[in-house]
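Asker: My questions all concern the structure below.
The values are calculated or read from the model by the stated rules, or taken from the named source; none is laboratory data. Model, not experiment: these values are computed from the prediction. When we count neighbours, we look across all protein chains shown, and the Cβ atoms used for this are built from the backbone with ideal geometry, even at glycine. Heavy atoms of the whole protein, side chains included, go into the accessibility calculation; ligands, DNA and RNA do not. Shrake-Rupley method; radii C 1.70, N 1.55, O 1.52, S 1.80 Å.
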Amino acid sequence: MQTFKQIVELFQTACTPHLGVNTFYWGTLDKLDSTTQNVAYNYVFLRPMSSPGIQLSANGISGTRSLAFELYSLDVPKLTESDYLTIMSNTEQIIYDILSYFNNGAVQQTMYTTLANITPVNEAFNDRVYGWVANINLINAGVLNYCNFPS
């Protein structure tokens, strides 16, 4: 079972080589504001939401841990109104690319994601930004075993 820090690092690993992502950050909504973060767009932001904990299997030995996140993919229009349509298309694709990293990439054997919904975003942070926010659930093996904890 990965720690929360390792999971955030996996999201960053999915974003770092992606040509469409210039900045990845995670945290609370106040850190989403580009005026305080000095970020370069396209901007991917991971916001942790909740976790029901570990759901044990019938024998009570192993189960799964589920974590809910909001995953923002945002950009700023460059020139024209038609650019808005391009931004909406590109930022949505970035979300699917990141989810594919978990479901079909390097970590597919240990965890996977489900997409609960995806909603358009039109916010005024430093400038008007457009994009999507996806509500995702990340599910991974959650074995309750004392040997997993440091002494």
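Asker: Provide the FRET efficiency to the nearest 0.05 for the MET49-LEU79 pair, computing r from the beta carbons and using R0 = 41 Å.
Answerer: Computed FRET efficiency for MET49 and LEU79: 0.70.
Asker: To continue, here is another question. Relative to a virtual label point 7 Å from the Cα of THR114 in the Cα→beta-carbon direction, which members of the stretch 87-107 show backbone nitrogen distances below 17 Å?
Answerer: Output list for this probe position: 99-100, 102-104.
Asker: In square angstrom, rounded to the nearest 10, how much accessible surface does ILE118 have for a 1.4 Å probe?
Answerer: Approximately 40 Å² for this residue.
Asker: Between LEU19 and ASN103, what is the label-point separation in nm under the 7 Å Cα-to-beta-carbon projection?
Answerer: Output for this residue pair reads 2.4 nm.
Asker: Along Cα→Cβ, 7 Å out, is where each label goes; now give me the distance between the ones at ASN135 and GLU92 in nm to one decimal.
Answerer: 1.9 nm
Asker: Further question: Of the listed peptides 15-24, 69-78, 97-106, what is their order by residue-averaged count of other C-beta atoms within 10 Å, with the highest listed first?
Answerer: Ranked by mean Cβ neighbours within 10 Å, highest first: 69-78, 97-106, 15-24.
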